[in-house]
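Any read-out appearing in this document is the output of simple, stated calculations on the displayed coordinates, not a laboratory observation. Given the structure is predicted, the values throughout are model-derived calculations rather than measurements. A quick note on method: Cβ atoms are made from the backbone with ideal geometry, for glycine too, and the neighbour counts reach across all protein chains shown.
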């Protein structure tokens, strides 16, 4: 597009030969200073002009890559260099390629940026890079076109790159010659390139598209599939791909020699130095004598042995397996070299511009002088992630000497404060007005505080709260909350005003105990009609303004690896609320929640998180328990697809007069798939099951059924950590609704963990 011109001969006559160079001047240069230009030219002043030196200077200037044309003049001892600079890139626009983030990433890969020189060399290189990227993605026959428009009154151009993606190569047939013992599914579970499924155009089925950048590794993946089934001698050829460029269909071919299948005849662990009891290392090994060999279990056992040795201060332990094959059996021998015992020299923290060092340091379970411990190191990383203060957390090690190392803690802070005012719409609450100031890391101290207001058709909530999770960096916590709420149930309105104070202590790194005292007063009014008022007047014994004074001990456990999107770990909690320390209300409420997370990427090769969540509770009525302290079901936190709190037992013959249940159980199965990691967005599929009822509860003269209400639902949800906080959009389907049920086909919530 812009061909480089050969340098013009210097406009200097022979008569000038031998004349002294008194000064040197440079004309029309913008991006190089005169000082740097003198260094490049290397022509001395005060000496006769040297033509060979002048030629070298011109070539040196061309070599900088900035200039399209250069010529010189020499008059009265003044040597003048005249330059015509190459045009610059004023802006870059890419058309025909992905979304905005894809295009931004592509520009970075091309190495082009605003202000760069505009020349054919750069454009040719960019064209080849784009074609290579597209071919790695399986697109062939790509056409890349460049166009440019000059920017007025400047030596710059707006560059437009038009990408016309070619056709994708589709693998219509994959042939595994010699395959007998494994199914095609066993093989293609691991490979990136697979035969197109019959319904390949549907989500969840293989579309057969070629992934050229992964093709060279698929032979190793097939070999790994065989080694998972015990075929240690399996040999896999390099892939042969036959492509018909008329229709871009392809056939993929491998030649496989399977060999025999091996069982484990025995397992030995040989320690180079006896730093740990061998019996400890044998505990929990996955490979078992008599079972078929599985390379996945071998890797897990190596990691288990290494971790146990590293946990007693040997971070550089090596575990080398030896496979002694005989006939159709293999003996596994692990040779363990512990290395030297290492102590922590220092903990160095970086990346925290706002959070105080001490807040990070108190979550690190290793301190200077401690023996290295790999498990504690991993737990420290997870503890920092669970705070929710950081976008990323990484703890590296730096060896200082044979027996000491530093821990390098690198964090990238994320937004922890929320200042919000807005309008929303909920499937049950209708139009919502909310405003809040919330900070989970107040002034970088790790404390949390909030002032919150939420007003909707069904609910009004005002709340001021403060929590210090680690008083003076100890294992003790304290909190207080002042609240006023108004909630419109299906039959009446309940207003609550009160406050609570709490103290707690970390019992272990993952287990916390809390003790909370609550005092509040309720006001029940605005009944749907006089019949409701009469009915609930009986249940409330005529006291529509009861006082509650309660104390609640609780335990909570959390060993997950992230605050918003846990991939692995368990969150569990339980509490026992006793109301009867003064006040009017008399009851004991037992409640527990449990959630387990497991990342399925190792098994399926997908960013898929499996979740199981359950909750259960029981209320013991000890004289006076307001209806609102019993359980109800339905809504985003119990059984989705039924409106919030709408599933509640009623007396026989008084349907619609909700009295709640004294027991409840719900559980959910979820699969969450990562859509856009950079946007922290996932989509999940779920199944909910719940039951609620009453056991030996007396509300005479009314009679309650002993049969529980059982409901199920399923659906999809979009989970997103947005700039204003976590948002969940739920699209549920009620599986077994009754005609009187209040169902919902859309729900959403903000500000909750997933």
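Worth pointing out:
- Neighbour counts of other Cβ atoms within 10 Å put 344, 43, 652, 260 in the fewest-to-most order 652, 260, 43, 344.
- Put in order of Cβ neighbour count within 10 Å, fewest first, the listed residues 189, 585 become 189, 585.
- Here the calculated FRET efficiency for residue 729 and residue 669, from their Cβ-Cβ distance with R0 = 22 Å, stands at 0.70, rounded to the nearest 0.05.
- Spin-label zone in segment 641-655 - amide nitrogen under 17 Å from a point set 7 Å from the Cα of residue 685 along the C-beta vector: none
- Debye log10 I(q)/I(0) for segment 305-357, one point scatterer per Cα, at q = 0.21, 0.29 Å⁻¹: -0.81, -1.04
- Degrees between helix 51-63 axis and first principal axis of the chain (Cα, 0 to 90, nearest 10): 20
- Distant alpha-carbon pairs in segment 632-754 (separation over 22 angstrom), percent: 41
- Between the Cα long axis of helix 100-110 and the first principal axis of the chain there is an angle of about 30°, rounded to the nearest 10.
- Rounded if a/c under 1.5, otherwise prolate or oblate - segment 343-413, Cα gyration tensor axes: prolate
- Relative to the current alpha-carbon distance between residue 121 and residue 406, full extension at 0.36 nm per residue lengthens the span by 98.0 nm.
- Calculated on C-alpha atoms, the gyration radius of segment 417-750 divided by its Kirkwood radius gives an Rg/Rh of 0.96.
- Label point distance in nm, residue 52-residue 707, each placed 7 Å from Cα along Cα→Cβ: 11.0
- Whether segment 263-337 is rounded, prolate or oblate, judged on the alpha carbon gyration tensor where a/c under 1.5 counts as rounded: prolate
- Cα-based helix-to-principal-axis angle, 212-228 vs the chain, degrees rounded to 10: 50
- FRET efficiency, residue 325 to residue 38 (Cβ-Cβ, R0 56 Å, nearest 0.05): 0.15
- When 664, 681 are arranged by Cβ crowding within 10 Å, least crowded first, meaning fewest neighbours, the order is 681, 664.
- Computed over the alpha-carbon atoms, segment 14-85 gives an Rg to Rh ratio of 0.94, Rh here being the Kirkwood radius from the mean inverse distance.
- Projected label distance in nm at residue 113 and residue 596, using a 7 Å step from Cα toward the beta-carbon: 4.9
- Average projection area in nm² (convex hull over Cα atoms of segment 88-164, one quarter of hull surface): 4.8
- D (Stokes-Einstein, µm²/s), Kirkwood Cα radius, segment 198-243, 1.567 mPa s at 4 °C: 103
- Of the peptides 307-316, 124-133, the ranking by mean beta-carbon count within 10 Å, highest at the top, reads 307-316, 124-133.
- Pairwise FRET efficiency - residue 279 versus residue 742, Cβ, R0 = 60 Å, nearest 0.05: 0.50
- Between segment 566-639 and segment 38-107, the C-alpha centres lie 70 angstrom from each other.
- Percentage relative contact order, the chain, counting C-alpha pairs under 8 Å, at least six apart: 5
- Geometric extent, Cα atoms of segment 496-596 - Rg, Dmax (angstrom): 18.4, 54
- The helix-only estimate of mean residue ellipticity at 222 nm for the chain, built from DSSP H runs of length n ≥ 4 each weighted as -39500 (n - 2.57), is -5000 deg cm²/dmol after division by the residue total.
- Expressed in units of 2.2 N^0.38 Å, where N is the residue count, the Cα radius of gyration of segment 551-686 is 1.31.
- For segment 169-257: rounded, prolate or oblate by the Cα gyration tensor [a/c cutoff 1.5]: prolate
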